[in-house]
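K.L.:
Got a structure here, written out as structure tokens. Questions coming.
Derivation of every value follows stated rules applied to the coordinates shown; laboratory data play no part. None of the values given here were measured: they were computed from a predicted structure. A quick note on method: Cβ atoms are made from the backbone with ideal geometry, for glycine too, and the neighbour counts reach across all protein chains shown.
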Amino acid sequence: MISRSRGVLYPARLPDFHRLPPAPEATELVVWFWIPEWRIEPGRSSRQAVVGYPAVNLVVEGATVTLSGPTTTASHRDLVGEGWAVGAMLRPAAVAVLSSAPSALVDGEEQIDAPELATAVGDAMSGRGAYREQAVAVFSEWLALRVGAIGDAARQANTLVDVLMGDDAADTVEEAARRLAVSTRTLQRLAHRHVGVPPAAMIRRRRLQEAAERLRSDPTIDLAQLAAESGYADHAHLTRDFRSILGLTPRAYRLDAAE
């Protein structure tokens, strides 16, 4: 499983946070479940900033179930009081069933009418012992029943994301198309229908996540070296990507993350 902190801009500021694998019946539907739990002192707040994966998330928080689309910039949320959320980072096979147009969810969200899911997850989270694992189990069961059997196109879309975002990921759209033995046009259509963003945007997001993670783990790394290792053409390209997505330069981010 990809590291707990990838995509999280300031891991040291996280509340209690867990990433758990799906139950066996949902392995083709969910990359992982993520569960933050927080208890913030009265009068205070905790800002959580992320540069999200190019993926759709299904999130249960209290009585609300929300389908959240991919984001084009870094996003944040200010946590206050006490609470929890259980989110599923969906694989494309699940997205195609839950949303007719995932591209319309980019930088947005919509509520899903699923009170039975909210109740089951809420009951699990209010329990004791392995309550997080129980929440994942009931969430996985609900998704498997909701989605049902998946077809070849959905499995191909799952593979597309693995090729673009997983270990030993493709560096270009053309390389990804060759690995999948499809045309670049077919690759674009699969991404549009099952993810909501183009393959090139997925590659850029992965590079940025990896670069940010490397800056946190090795704050002395030379930025030109980091750019080359992360697949950027040069240092200037890396800086432009940081500015456009995170709103700050790699040097500024490195200083912020070290605080």
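K.L.:
Pull out a ≥ b ≥ c, the square roots of the eigenvalues of the alpha-carbon gyration tensor of region 152-199, then state rounded if a/c is under 1.5, prolate if not and a/b is larger than b/c, and oblate in the remaining case. Can you show the working numbers first?
P.N.:
Numbers: a/c = 1.39, a/b = 1.24, b/c = 1.12.
It comes out rounded by the Cα gyration axes.
K.L.:
Quick one, what does Rg over Rh come out to for region 19-112 if you take C-alpha atoms and the Kirkwood Rh? Let's see the in-between values first.
P.N.:
Values: Rg = 14.0 Å, Rh = 14.2 Å.
Using Cα coordinates only, the ratio equals 0.98.
K.L.:
For a quick check of your reading of the filter: which trypsin sites (Lys or Arg not before Pro) in region 33-88 sit in a DSSP loop and have no more than 13 other Cβ atoms within 10 Å?
P.N.:
On the way: sites: 39, 44, 47, 77; in loops: 44.
Loop-located and lightly packed - 44.
K.L.:
Test of the criteria: in region 97-165, which trypsin sites (Lys or Arg not before Pro) are in a DSSP loop and have at most 11 other Cβ atoms within 10 angstrom of their Cβ? Can you show the working numbers first?
P.N.:
Values: sites: 128, 132, 146, 155; in loops: 128.
Those satisfying the criteria are 128.
K.L.:
Next question. At a threshold of 8 angstrom on Cα-Cα distance, excluding pairs fewer than six apart, so keeping six or more, what relative contact order does region 11-147 reach in percent?
P.N.:
Values: 267 pairs, mean separation 39.5, N = 137.
Reported relative contact order: 29 percent.
K.L.:
Taking R0 as 25 Å, what FRET efficiency do you get between residue 167 and residue 228 from their Cβ-Cβ distance, rounded to the nearest 0.05? Before the final figure, lay out the partial values.
P.N.:
Numbers: r = 20 Å, r/R0 = 0.78.
Step by step, r from the Cβ atoms, then E = 0.80.
K.L.:
For the chain, modelled as a Gaussian network with Cα springs under 10 Å, which listed residue fluctuates most, 112, 203, 40?
P.N.:
40
K.L.:
If we count every other residue with Cβ under 13 angstrom of residue 161's Cβ, Lys/Arg +1 and Asp/Glu -1, where does the sum land? If you can, show how the numbers build up before the last one.
P.N.:
Working: positive: 91, 155, 179, 193, 205, 206; negative: 28, 162, 167.
Net charge around residue 161: +3.
K.L.:
Under the definition of Cα pairs under 8 Å and six or more residues apart, what whole-number percent is the relative contact order of the chain?
P.N.:
Details: 437 pairs, mean separation 49.7, N = 259.
With pairs under 8 Å counted, the relative contact order is 19 percent.
K.L.:
7 Å from Cα along Cα→Cβ at both residue 214 and residue 131: what's the point-to-point distance in nm?
P.N.:
4.1
K.L.:
As an exercise, find the ratio Rg/Rh for region 111-259 from alpha-carbon atoms, using the Kirkwood inverse-distance average for Rh. The partial results should precede the final answer.
P.N.:
Values: Rg = 19.8 Å, Rh = 18.3 Å.
Rg/Rh for region 111-259 comes to 1.08.
K.L.:
Return the FRET efficiency for the residue pair residue 101, residue 64: r is the Cβ-Cβ distance, R0 is 22 Å, and the value is rounded to the nearest 0.05. All intermediate terms of the calculation are to be shown ahead of the outcome.
P.N.:
On the way: r = 21 Å, r/R0 = 0.97.
For R0 = 22 Å, the calculated efficiency reads 0.55.
K.L.:
For the chain, I need the span (max minus min coordinate) of the C-alpha atoms along each principal axis, in Å, sorted largest to smallest.
P.N.:
50, 50, 29
K.L.:
What is the distance in Å between the Cα centroid of region 71-131 and that of region 134-210?
P.N.:
After rounding, the separation between the Cα centres reads 19 Å.
K.L.:
Let me ask you something else. Rounded to the nearest 500, what is the chain's calculated 222 nm mean residue ellipticity when only DSSP H runs of at least 4 contribute -39500 (n - 2.57) each, over all residues? Let's see the in-between values first.
P.N.:
Working: 10 runs with 115 residues, N = 259.
Mean residue ellipticity, 222 nm, calculated: -13500 deg cm²/dmol.
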